Each structure stands twice: as structure tokens, then as C-alpha cells.
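See structure below.
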Amino acid sequence: MEFEFSVDKNEAPPPSGFDLGHTDVRGNRGEASSRDRTPDQAMMIYLSLPLLMDGLRRFLPGRDRSFTTAAVDSSYSLTFRRGEDGSIETLHDGTVIDRSSAGDLASAVHTGAERFAAPRLPLLPQDDAGREDLEKSLNEFGAFVAQLRRGNASE
């Protein structure tokens, strides 16, 4: 499974934590993207990523059957549904994109978020709200992924 996050090519400098961007998801059963859709589904990417990571951090170790995350300023959303066997299905518009373990899903989201953030966060002012939210969520989600790998995410 792979998540790719990007800033929209039409965003004008200087960079801002309110810039619009896109999410692309590729899984073992299909793919989904916020790109090239009508209506436009570009999202405030720096604010949408923390919603995704924070929501998954609560959902994955819990007992809820599903969790839907909506992007900020967009109609794009992803749903995560827990299977009887503990696997997690990732869906967009009711279509299954992937079925994987909680650990594999969390690792894929974290890897995609890190790839997005590493070159872009340094371009934002230190006091930018989008930067602050994303940095905090990345740190917390990184610790959560490490716990999942050790097998004690419920701590």
C-alpha cells in the first residue's frame, strides 16, 4: 500500500500551511486520487494530513468498525473498515482500494506523510499553523507506528 501527498501545482509562492494539495492512494485492489475530479477535490493538505494520522491513531487500536476521514476544504474522503480477521480495508466512494494489517496501513501513511513533509515543512514559517499541526501529528503518529511494530499500540 502506498500513500502520496502533494501540493497542488497551481499553488503560488510563498508556501503556506493553507496550501491546497492532493492525496493519491495505491493498494492491492485499486487506487484513488483527489486529482482531476469534478468538483475539484484539492484539499488543505497541511491540515488534512494531521486529521488522517490523528484519526487512525485513535481508530486502529480501538474496537470501532469503521472510521472516515474527510479532507479539509474538500469533499474527498477515505473510509477505513475493520474486518473480522482484524485486517483493515481502505475505501474511497465505497470501493475497496486495499486490505492490509493495521501495521502496514499505519506504516504506509507515515511513510507518505514523511516523504511529503521532509522537503516542504522547512519552507514554511516556524509559526505557521499548518506546519505546527503537521509536525506534532507526525511525531505522535511516528511513535504510534513504532508501538504497533512492537505489538503494543494500546498503551
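Evaluated at 4 °C with a viscosity of 1.567 mPa s, what Stokes-Einstein diffusion coefficient in µm²/s does region 52-128 have when Rh comes from the Kirkwood expression over alpha-carbon pairs? Mind dumping the intermediate values first?
Details: Rh = 13.7 Å.
D = 94 µm²/s.
Just the accessible area per residue of the chain, please: how many Å² with a 1.4 Å probe?
So the chain comes to 51 Å² accessible per residue, rounded to a whole number.
How much of the accessible area of the chain, in percent, comes from carbon and sulfur atoms when a 1.4 Å probe is used?
Within the chain, the accessible surface is 46 percent carbon and sulfur.
Packing-wise, with mean Cβ within 10 Å as the measure, how do 41-50, 14-23, 54-63 rank, highest first?
Listed from highest to lowest mean packing, they are 41-50, 14-23, 54-63.
On C-alpha positions alone, give me the angle between the axis of helix 102-120 and the longest principal axis of the chain, in degrees, nearest 10.
Approximately 10 degrees, to the nearest ten.
Measure out, as a whole number of angstrom, how far apart the alpha-carbon centroids of region 124-154 and region 46-71 sit.
13 Å
Within the set of other residues whose C-beta is less than 11 Å from the C-beta of Gly21, count the net charge using Lys and Arg as +1 and Asp and Glu as -1.
Net local charge, Gly21 excluded: -3.
Taking every eigenvalue of the Cα gyration tensor of the chain, multiplying by 5 and rooting it, what semi-axes result, largest first, whole Å?
On the way: eigenvalues 125, 73, 28 Å².
Here the semi-axes work out to 25, 19, 12 Å.
The values are calculated or read from the model by the stated rules, or taken from the named source; none is laboratory data. It should be emphasised that the depicted structure is a prediction, and the values quoted were computed from it without experimental measurement. Cβ coordinates were reconstructed from backbone atoms using ideal geometry, including for glycine residues, and neighbour counts include every protein chain displayed. Areas reflect the complete protein model, heavy atoms only, side chains present, ligands, DNA and RNA absent. Shrake-Rupley method; radii C 1.70, N 1.55, O 1.52, S 1.80 Å.
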